[in-house]
1. Of all residues in the stretch 112-137, how many are of a type outside the set (D, E, K, R) and either within 30 Å of Glu215 (Cα to Cα) or touching a residue at least 12 places away in the same chain (Cβ under 8 Å) (or both)?
2. Tally time: how many residues in the stretch 311-345 are free of Cβ contacts under 8 Å to residues at least 60 places away in the same chain and of a type in the set (Lys, Arg)?
3. Restricting to the stretch 169-191, give me the number of residues that are of a type in the set (S, T, N, Q) and either modelled with pLDDT under 90 or not in a loop (DSSP other than H, G, I, E, B) (or both).
4. Looking for something within 30 Å of Lys35 (Cα to Cα), within 24 Å of the chain's Cα centre (by Cα) and not polar (S, T, N, Q) - is there at least one such residue anywhere in the stretch 407-418?
5. Assuming Thr236 fulfils every condition listed in (1) surrounded by fewer than 17 Cβ atoms within 10 Å (Cβ to Cβ); (2) β-branched (Val, Ile, Thr); (3) within 25 Å of the chain's Cα centre (by Cα) apart from one, which condition is it?
6. Identify, please: which residue in the stretch 329-349 is assigned to a loop (DSSP other than H, G, I, E, B) and more than 13 Å from Tyr424 (Cα to Cα) and is, among those, nearest to the chain's Cα centre (by Cα)?
7. Taking the conditions exactly as written (open to solvent by less than 70 Å² (accessible area, probe 1.4 Å) and part of a helix (DSSP H, G or I)), does Ile221 satisfy them or not?
8. Among the residues of the stretch 329-349, what is the count of those that are under 18 Å from Ala421 (Cα atoms), open to solvent by 10 Å² or more (accessible area, probe 1.4 Å) and among the small types (Gly, Ala, Ser)?
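The values are calculated or read from the model by the stated rules, or taken from the named source; none is laboratory data. Model, not experiment: these values are computed from the prediction. Every residue, glycine as well, gets a Cβ built from its backbone with ideal geometry; the counts of neighbours run over all protein chains shown. Each accessible area value is taken on the protein alone, full model and side chains, heavy atoms only, with ligands, DNA and RNA left out. Shrake-Rupley method; radii C 1.70, N 1.55, O 1.52, S 1.80 Å.
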Amino acid sequence: MATSSGEQQIIELKDMISQLNTTIKELNKTIADQKSELAWFRNKMFGISSEKNKVPVDTSGQLSLFDGFIDIEEMEKPLEEIQPEYVEVKNCVRRKRTSIKTLFKDIPVRQVEVDTLSDEDKLCLVCGTAMVPIGKEVIRTELVITPPQLERIEYLATTYECPKCKETEDPQFIKDNGKPALIRGSYASDSLVAYVAYQKYDMFSPLYRQEKFFEELHAPINRTTMASWIIKTAETYIQPVYDYFHRELLKRKFLMMDETPMQVLKEAGRKAENKSYFWLIRTGEDGLNPIVLYNYTETRAGENAKEFLKGIEPDYYLMADAYQGYNKLDESKRCCCYAHIRRMFLEAIPEGHSGDFTNPAVQGVLYCNKLFEYERSYKEKGLSYKQIMNRRLKDQKPVIDAFLVWAEKINTPHNDKMKRALKYLLNRRENLYTYIEDGRCSLSNNLSENAIRPVTIGRKNWLFSDTPAGAHANALYLTIVQMAKIYDLNVYEYIKQILEARP
């Protein structure tokens, strides 16, 4: 039977409505995704950088994640009215103030006698006799700062002659030339170069700012001269210390690594805008003396990491992120960073849903939180490395097993960030359990990320390195500064000591 024109129009309208509904759904999904992206960027730009407490750790319902999901019916029950609680406020006990003597115990003390009374003031009001001093007491303490100042020192060499040979055809002379200069033909001293290095690598003051500072002290020391001092002293005096640290690091079994880009302008055969890299290589949490090294390379190729660790004993444990270049370190046992995994699930949580335990992204974070909870408890109890290994097998392995089973079953068709988080987790499957093998392995790469931060802060201030020699010097001096900090040394005094004790 032929369809009438009216029926045909109805069919066409229904098709049109169906297409419009599909388009609306797609637009709503796009809007939701864009809102999520915008919220993420806002949080990155203006939010708190710490990841702590974004998802509650110790909340009712968290443990149900490992036994089944939260009972929705229970969540929908009406809340009971909360009665106000009256608490008797006890008298506040004031904390004892720390004395100035204790607070500034490491600062040198110089005593100044007060003398503001005139001779007339010192006359007795009763009989007019001049009073005599009978004792002294401290009436107040001040902290006084002496601004930095430069001093020009001229070293005088004494020449000696032999009095007997003096009248002969072969008179003998000797001159005391003193200790050789830090840099031949330069006016740079140990303290001056140490101060420049300290300001640049610890206080992150670039050389152009230091140039202005020295101008205010009436010393026209330009940035090019200072850069030359840094490079020459790094190559001559810092390099041997760095090499010693490097040899010691290669004897260790637990390492951590990270890397970050750096711009170097004048690399042979490369454009100025090409990325170069700083690598951070440090020892792990093995209870031995920590070592932190920085290394500059022109590229991010994994061969650079392999070359730096050439000579290390095989089967060492390496904590690093998921960068493929670390796969070149085929003699290492790779550990997976659970802080990275947790961060990816955190970023997948929709805005306003951080407390929604039915949300898959929140559940992913809770699995990671559980592992970090266990680690904190082990440290609080002071467990030995063997005890930690045994506890990890008992406590944490079942959590990882459940985490993987959960990840394989989760279906998230509309959340790209969640998809990335799950893919990141499942692609690390073979490395998720490595840290359980030894109690000295770390659960995260946070120590490396903290240690690479001085490079990123310096990069914001220095902007770039002019030459590869300058970039290499940066790596050497950054190593010295961070080693001083790890061992709680005075950074300036440590650098000065290395330069003063030069061979």
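1. Number of matching residues: 1.
2. Result for the stretch 311-345: 1.
3. 2
4. Taking the stretch 407-418 and keeping what is within 30 Å of Lys35 (Cα to Cα), we get 407-418.
Filter once more, keeping what is within 24 Å of the chain's Cα centre (by Cα): none.
No.
5. (3)
6. Of the stretch 329-349, the ones assigned to a loop (DSSP other than H, G, I, E, B) are 329-331, 336-337, 349.
Those left that are additionally more than 13 Å from Tyr424 (Cα to Cα): 329-331, 349.
Numbers: Leu329: 24, Asp330: 27, Glu331: 27, Ile349: 26 Å.
The residue in question is Leu329.
7. No.
8. 0
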